[in-house]
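Chemist: Here it is, the structure in full.
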Amino acid sequence: MARDTYTELVNTPLGRRVSGALGLPQPARLRRHRPGAAVIDGPVALVGDTVVADRLAEVMLAWGLDVRRHPDPGERLAAVVVCLDEVSTPAALSTPVLGLSALLKQVGRSGRVVTVFRDPAGSSDPAVRAARQGIQGITRSLAHEMRRGATANGIILADDLDADAPGVAGALRFLLSGRSAYVDGQFLTVDTVNGELPRSPEGWERPLTGQVAVVTGAARGIGASIAEVLHRDGAEIIAVDVPAAGEQLAETANRVRGTALQLDVTSEDAGEKILTHAAQHHGRLDIVVHNAGITRDKLLANMTQDRWDSVIAVNIESQLRINRALLASDLFSHSPRIVSLASTSGIAGNRGQTNYAASKAGVIGMVSASKDLLGSRHGTINAVAPGFIETEMTAKIPLVTREVARRLSSLNQGGLPVDVAETIAFLASPSAGGTSGLTLRVCGQNLIGA
Ligand code: NAD
């Protein structure tokens, strides 16, 4: 993984002064989750007087947070939660949004703004949908305006969803915490009452206790980090990678005290092999993370059959085949959780990546189409779309292009593998049971042009 020397420099006193004087980007050190750390450090202001706001106040107080309905002017705030769930015309946005405006200068380093509102698609009334869609515009624009590692994200609630649904509190806690450090300008949709909240602080620390998770492509990079974070959160790990990566795979498996399964995910019987291994060594299977992925970049005008086919085979066909096999089995039938790796290239496209973008856009399609099937088993399927993440893959990008890619995001820096892993661990956890079919970007609000 390449070092981000610029971010290190800017975070020295001299570097901060010089970059400030020259008007250069000022990437902050992000607040990331540490086991045992508080959800968020400091008061949380709550704007809005809806039933959802009352419920969220109760939930945050139960977590021991310092919730302020009327914060003192000038007081440093760790977060502002804005409940806009009853806004039904664009004109009605002004009071709560200007209430938020008055608080923004008080938001500290790595602070959070979280908007909470109803799904625009849930209403066919033009004024209602305009207001709700307007909140998305506000949240995205505000994310571009936040400074010093602070972010703005939203929680979208299905129209008829009760404020008590566990997924609402689960989404709020994730977005307030250091687990969402590199999630910015994004929306978490909660549309069912499924899911469960841990009942104790220990439960929040290790929400995957007792569960068995398979992670493909776990020998290195993002996959190795996913294995570590899922293990930290309590899961038993089956680490999968190709035989050629056997040594690194064994290292990952040893580190997380899991088991290693050498397997090419494109093989016809990959799903069956995973099931047999899970049954023999762990006795159950709860979570599947489809992380294995490759790039074989070429302009479409120069594309070869081999480059095209291999990317499609590893990045999407293998996932479809493995899901079919796993979902046909009794072992993977009790609240199964699937999380797939998409990419911002699958959302916006990228020069030289028609094959990769086809596969990653394919993942987004697969996930949204599989929501009902997983829902019928009380399970979920979601995707995570990383932007620029510091890995061996991105360390190979030429220096200038890499530097530009890092800075072209609202957080002015690349993400770390752990940022992707934290989001995956959240989506695999019981508190995210109300969210399915979603692709969540972990990209620091990368300016990808779509
Ligand atoms: P990486 O190349 O470092 O690791 C990928 C792993 O997958 C390797 O260990 C590799 O051996 C394994 N793998 C490849 N083909 C396999 C196969 N047929 N069967 C089993 N294992 C196989 O990549 P990374 O940067 O860690 O990326 C992980 C995932 O995240 C990929 O799906 C990638 O497309 C996605 N992603 C990465 C970035 C980024 O910035 N690094 C951005 C967007 C999406």
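Throughout, read-outs are computed from the coordinates displayed, never taken from laboratory work. Nothing here was measured: the structure is a model prediction, and the numbers come from that model. Glycine also receives a Cβ, built like all others from the backbone with ideal geometry; neighbour counts cover every protein chain displayed.
Chemist: With just the Cα atoms defining each centre, how far is segment 90-139 from segment 321-376? Give it in Å.
Modeler: If we compute the Cα centre of each part, the gap is 30 Å.
Chemist: Right, next: Place a +1 charge on the Cβ of each Lys and Arg in segment 316-450 and a -1 charge on the Cβ of each Asp and Glu, then give the dipole magnitude about the Cα centre in debye, rounded to the nearest 20. Don't jump to the answer; show the numbers that get you there.
Modeler: Working: 12 positive and 8 negative charges, 50 e Å.
Here the size comes out at about 240 debye.
Chemist: Convert each backbone phi in segment 178-183 into a coupling constant with the Karplus relation 6.51 cos²θ - 1.76 cosθ + 1.60 (shift: θ = phi - 60°), then list the ³J(HN,Hα) values in order as whole Hz, x for Gly and Pro.
Modeler: Result, ordered by residue: x, 5, 9, 3, 10, 9 Hz.
Chemist: For an R0 of 51 angstrom, estimate the FRET efficiency from the Cβ-Cβ distance between Ala102 and Ser368 and round to the nearest 0.05. Mind showing how you got there, number by number?
Modeler: Working: r = 38 Å, r/R0 = 0.75.
The pair Ala102/Ser368 has a calculated efficiency of 0.85.
Chemist: Using the beta-carbon distance between Glu196 and Ala37 and R0 = 35 Å, what value does 1/(1 + (r/R0)^6) give for FRET efficiency, to the nearest 0.05? Before the final figure, lay out the partial values.
Modeler: Values: r = 23 Å, r/R0 = 0.65.
E(calc), rounded to 0.05, equals 0.95.
Chemist: Pairwise over distinct Cα atoms, reciprocal of the mean inverse distance: report the Kirkwood radius of the chain in Å, one decimal place. Before the final figure, lay out the partial values.
Modeler: On the way: mean 1/r = 0.0446 Å⁻¹.
This gives a value of 22.4 Å.
Chemist: What is the distance in Å between the Cα centres of segment 42-66 and segment 199-214?
Modeler: Each part reduced to its Cα centre gives a spacing of 24 Å.
Chemist: Under the rule of at least 5 residues apart or a separate chain, name every residue whose amide H is placed under 5 Å from the amide H of Ile155.
Modeler: Thr115, Val116, Phe117, Leu188
Chemist: With a point put 7 Å past each Cα toward its Cβ, work out how far Asp164 is from Thr50 in nm, to one decimal.
Modeler: Going by the 7 Å Cα→Cβ label model, 1.9 nm.
Chemist: Number of Lys-Lys pairs in the chain under 24 Å by Cα, sequence gap 8 or more or different chains? Let's see the in-between values first.
Modeler: On the way: Lys298/Lys360; Lys298/Lys396; Lys360/Lys371; Lys360/Lys396.
Lysine pairs meeting the criterion: 4.
Chemist: First check a/c for segment 314-450, with a ≥ b ≥ c the square roots of the eigenvalues of its C-alpha gyration tensor; if it is under 1.5, answer rounded, and if not, answer prolate when a/b is larger than b/c or oblate otherwise.
Modeler: Note, shape of segment 314-450 comes out prolate.
Chemist: Taking 8 Å as the Cα distance limit and 6 or more residues as the minimum spacing, I'd like the relative contact order of segment 393-450 as a percentage.
Modeler: On the way: 34 pairs, mean separation 23.9, N = 58.
That works out to 41 percent.
Chemist: Between Ser340 and residues 5 or more places away or on another chain, which pairs have amide H atoms under 5 Å apart, with H built 1.01 Å from N, and which residues are they?
Modeler: The list, which skips near neighbours in sequence, is His290, Asn382, Ala383, Val384.
Chemist: Using r as the Cβ-Cβ distance of Asp309 and Asp72, and R0 as 51 Å, what FRET efficiency do you calculate, to the nearest 0.05?
Modeler: Values: r = 62 Å, r/R0 = 1.22.
Given R0 = 51 Å and the Cβ-Cβ separation, E is 0.25.
Chemist: If you don't mind, another one. Points 7 angstrom from Cα along the Cβ direction at Thr209 and Ala328: gap in nanometres?
Modeler: My value for the distance between the label points is 3.7 nm.
Chemist: Taking Cα pairs under 8 Å and at least six residues apart, what relative contact order does segment 75-150 come out at, in percent?
Modeler: Once normalised by length, the contact order is 40 percent.
Chemist: Mind checking which of Ser409, Ser368, Ser343 has the largest fluctuation in a GNM of the chain, springs on alpha carbons under 10 Å?
Modeler: Ser368
Chemist: Which of rounded, prolate or oblate describes segment 42-117 when judged by the alpha-carbon gyration tensor and an a/c cut-off of 1.5? If you can, show how the numbers build up before the last one.
Modeler: On the way: a/c = 2.12, a/b = 1.24, b/c = 1.72.
Oblate, since a/c reaches 1.5 and b/c is not below a/b.
Chemist: A further question on this structure: Is there a quick way to get the dipole size of segment 100-156? I mean about its Cα centre, with the Cβ of Lys and Arg at +1 and of Asp and Glu at -1; what is the value in debye to the nearest 20?
Modeler: Numbers: 9 positive and 3 negative charges, 62 e Å.
It works out to roughly 300 debye.
Chemist: Further, regarding this structure: Hey, if you put +1 on the Cβ of every Lys and Arg and -1 on every Asp and Glu Cβ in the chain, which of Ala421, Thr139, His281 ends up farthest toward the positive end of that dipole?
Modeler: Highest projection toward the positive end goes to Thr139.
Chemist: Right, here's the next one. What number, in percent, do you get for the relative contact order of segment 309-380 if the mean sequence gap of Cα pairs under 8 Å and at least 6 apart is divided by its residue count?
Modeler: Numbers: 65 pairs, mean separation 28.9, N = 72.
That works out to 40 percent.
Chemist: Each residue of segment 68-76 in order: what ³J(HN,Hα) in whole Hz does its phi give by Karplus 6.51 cos²θ - 1.76 cosθ + 1.60, θ = phi - 60°, with x for Gly and Pro?
Modeler: My calculation for segment 68-76 gives 10, 7, 10, x, 5, x, x, 6, 5 Hz in order.
Chemist: What full-extension length gain, to one decimal in nm, is calculated for Glu8 and Asp297 as 0.36 nm per residue of separation minus the Cα-Cα distance? Walk me through the numbers before you get to the answer.
Modeler: Working: separation 289, 0.36 × 289 = 104.04 nm, distance 3.07 nm.
Length gained between Glu8 and Asp297: 101.0 nm.
Chemist: Apply the a/c threshold of 1.5 to the C-alpha gyration tensor of segment 1-141 and tell me whether it is rounded, prolate or oblate. If you can, show how the numbers build up before the last one.
Modeler: Details: a/c = 2.14, a/b = 1.60, b/c = 1.34.
Cα axes put segment 1-141 in the prolate bin.
Chemist: Something else about it: Placing unit charges on C-beta atoms (Lys and Arg positive, Asp and Glu negative, everything else neutral), compute the dipole magnitude of segment 179-272 about its Cα centre in debye, rounded to 20.
Modeler: Details: 7 positive and 15 negative charges, 87 e Å.
For this selection, approximately 420 debye.
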